[in-house]
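Written out below as structure tokens is the structure these notes cover.
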Amino acid sequence: MPSSRTYQWVTQSKRWTTILAGLEQPSTAKQISQRTEISLDCCSYVLAEMVRAGLVQCLNPQARQGRLYWLTERGKQNQRRLRRILRWPRLNHDLPVVDWSLYGWICFRHRAAVIQALSEPMQPATIRRKARSQNPGLRMSANNVRDVIRLFLGRGIGPWRLSASPALCIAFPNAYLDSLGLPRLATRGTA
């Protein structure tokens with residue numbers, strides 16, 4: 001589809017216009033839905049149509065969950081035109097080099113909630129409580145948190161380690177803290 005026809009096609013729907021104009025960074029359908037206040041089903045449908053039209057591409061098509069969508073060159077041209085007409089500020093599309101499949105994998109609900117909740121070494125139950133206080137609708141058990149931490153470790157994400165204690169506490173390794181110039185964590189049995 002030529003650029004002018006594509007632009008006319010996009011502007012026929014307020015939802016399509018909102019999604020195209022609002023794509024500021026690679027995002028999942030859920031993130032776009034929350035940002036634009038368009039239902040998730042509708043957002044997913046519009047993104048699929050935009051992929052077919054060559055405006056948007058999926059950065060991690062092999063993912064079953066957490067698929068990230070970003071503009072193609074044609075999409076960027078149409079977005080610039082649309083934002084100019086709407087008198088919205090122009091966006092800078094210089095994105096850092098990122099492993100987008102890993103980013104999409106982390107964006108999945110419980111994984112993102114665990115990362116957002118981690119601010120210090122915590123027990124899985126504490127992480128769950130903090131994540132649920134940040135997002136009251138989140139349904140997560142401490143076992144989910146343990147599973148997520150194991151998934152992170154399996155992918156080499158994070159400086160955490162699972163201790164050998166029965167409580168399975170999550171902590172930063174002392175070598176990591178040393179490299180940051182931070183004090184070491186006390187181990188059980190030492191003062």
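Assorted remarks:
- Residue in the stretch 10-22 that is part of a loop (DSSP other than H, G, I, E, B) and either closer than 29 Å to Val148 by Cα or among the aromatic types (Phe, Trp, Tyr) (or both) present: no
- Figure legend. Inter-residue proximity from the stretch 114-136: first residues β-branched (Val, Ile, Thr), second residues not in a helix (DSSP H, G or I), beta-carbon distance below 7 Å, spacing 6+ or different chains. Indicated pairs: Ile127/Leu118.
- Selection within the stretch 45-66: residues that are at pLDDT below 85 and not aliphatic (A, V, I, L, M). The member of this set that is farthest from Arg15 (Cα to Cα) is Gln62.
- Residue that is without any contact (Cβ under 8 Å) to a residue 60 or more places away in the chain and not assigned by TED's automatic domain parsing to the domain that holds Ala113, where the choices are Val51, Val10: Val51
- When residues of the stretch 37-49 are limited to those that are farther than 17 Å from Gln79 by Cβ and not hydroxyl-bearing (Ser, Thr, Tyr), the one surrounded by the most Cβ atoms within 10 Å (Cβ to Cβ): Cys42
- Checked against the criteria, Arg67 counts as among the basic types (Lys, Arg), under 15 Å from the mean Cα position of the chain (by Cα), buried (at least 18 other Cβ atoms within 10 Å of the Cβ) and under 21 Å from Ala113 (Cβ atoms).
- So Gln34, is it assigned to a helix (DSSP H, G or I), free of Cβ contacts under 8 Å to residues at least 24 places away in the same chain, surrounded by 11 or more Cβ atoms within 10 Å (Cβ to Cβ) and within 16 Å of the chain's Cα centre (by Cα): yes
- Just one of the numbered conditions (1) buried (at least 16 other Cβ atoms within 10 Å of the Cβ); (2) touching a residue at least 40 places away in the same chain (Cβ under 8 Å); (3) under 17 Å from the mean Cα position of the chain (by Cα) is not true of Cys58: (2).
- Residue that is nearest to Cys58 (Cα to Cα) [pool: residues in the stretch 97-147 that are surrounded by 13 or more Cβ atoms within 10 Å (Cβ to Cβ) and touching a Phe, Trp or Tyr at 6+ places or on another chain (Cβ under 9 Å)]: Trp100
- Candidates Arg90, Arg5, Arg52, Arg74: the one that is crowded, with 17+ Cβ neighbours inside 10 Å and more than 30 Å from Ser141 (Cβ to Cβ) is Arg74.
- Qualifying position, being in a helix (DSSP H, G or I) and touching a Leu at 6+ places or on another chain (Cβ under 8 Å), among Arg52, Arg83: Arg83
- Of the helices (runs of 4 or more DSSP H) lying entirely inside the stretch 109-166, those containing at least 3 residues that are at pLDDT 85 or above and touching a Ser or Thr at 6+ places or on another chain (Cβ under 9 Å) span 124-134.
The values are calculated or read from the model by the stated rules, or taken from the named source; none is laboratory data. Bear in mind the structure is a predicted one, so any value in this text is a computation, not a measurement. A quick note on method: Cβ atoms are made from the backbone with ideal geometry, for glycine too, and the neighbour counts reach across all protein chains shown.
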